[in-house]
Amino acid sequence: MSIHVPLPIPTHLDEASPPSALSEKEQTLYDIVLEHFSAADYTLPNVNQEKAALVVDEKFWLSYECLLRYLRATKWDANKAIKRLEGTLKWRRDFGIYDTITPQHVEPEATTGKQFLFGYDTRGRPALYLCPSSPCQIHYTVWMLERAIDLMGPGVETLALMIDHADKAKIPSIGTARTVLNILQIHYPERLGLALIPHLPLLLCTFYKLITPFIDPLTQLKMVFNPVITENGLFRTVVDAEAWSANSASRVFEPGQLVREGWNGSQPFIYSHAVYWEALVKLCEERRSRMVVAWHRIGGKVGTKEWEVKVTIRDETMNVLVDAETC
């Protein structure tokens, strides 16, 4: 029987862990950034004063982990992190993250199933499947990135990109590729865990060589071309696949978290827009709503830990399941 809806978020109760403690120097730099955005009179610079104050969605976005991602991306330069965070806050407004890019806005691009979220890797990272196509998919790609973030469980801050150039794919223009890369690298720092790219023909090898100069070195290290897929799952290399055992950590995806078509997984997923789209939108909207409620309950301020928010709703979900089982 085919599956047409996203898989549930894994709980990973034994594997999830809270953010590591900061060194004294790191804590000092973090406090500088936190105090900047937490100031009672803070407003976004160079913005119409009537709209310069941060709204709830923006304060929610400015989490403990978010501030650290930007600090790490700027090599722990507090001033650069502040400027970059403010640049992204403005970009998110201008791009329409909170108002323009809605499910209704991007749905026409979603009907073909060229992008979908399904399954999680062995580290709990949501898998975003991409079949590269036309330039007009940039808004849709960003919307899907935001939904992948919604589906990250406790302790998970990155996603796995599954870029399949087989079948329906087209070679995107260099301009489109650069635009998407710039958005990812500038406004979503440290959000990419892996980029898995199978079925890479010679023509696509040339394309990737052309865009490689625009990809930062750390991102390049996360790109895995022609990963190895066996009955045991997906692996980075042949060596990893051959050395794998039940106690090994070399496996990237279990078969049960991979789609069958194109990826040789065990899940008979088939994209049916009428079923999948409604399920994805509902799943993400309900989860995000619960996270915002939990965020308010914890304190509702800049610097709140994503870990605490996600653990709160995870534990609530687990308690509901336990209660249901005992009824």
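Taken together, the residues in region 223-264 that are part of a strand (DSSP E or B), closer than 23 Å to residue 114 by Cα and either touching a strand residue (DSSP E or B) at 6+ places or on another chain (Cβ under 7 Å) or not aliphatic (A, V, I, L, M) (or both) amount to 9.
Going through region 20-58 one residue at a time, which ones are part of a helix (DSSP H, G or I), modelled with pLDDT of 95 or more and open to solvent by 80 Å² or more (accessible area, probe 1.4 Å)? If the condition is that a residue be part of a helix (DSSP H, G or I), modelled with pLDDT of 95 or more and open to solvent by 80 Å² or more (accessible area, probe 1.4 Å), then 24, 25, 35 are the ones that fit.
Residues in region 75-95: is at least one open to solvent by less than 70 Å² (accessible area, probe 1.4 Å) and within 17 Å of the chain's Cα centre (by Cα)? Yes - at least one qualifying residue is present in region 75-95. In this entry, residue 75 is excluded by the filter for residues that are farther than 30 Å from residue 260 by Cβ and not in a loop (DSSP other than H, G, I, E, B). Tallying residues that are surrounded by 14 or more Cβ atoms within 10 Å (Cβ to Cβ), under 15 Å from residue 122 (Cα atoms) and not β-branched (Val, Ile, Thr) within region 228-265 yields 16. Of the residues making up region 266-313, those that are under 30 Å from residue 226 (Cα atoms) and open to solvent by 50 Å² or more (accessible area, probe 1.4 Å) are 266, 270.
The values are calculated or read from the model by the stated rules, or taken from the named source; none is laboratory data. Quantities reported herein were computed from a predicted structural model and do not represent experimental measurements. Counting neighbours? That spans all protein chains shown, and the Cβs are built from the backbone with ideal geometry, glycine included. Note: areas computed on protein heavy atoms with side chains; ligands, DNA, RNA excluded. Shrake-Rupley method; radii C 1.70, N 1.55, O 1.52, S 1.80 Å.
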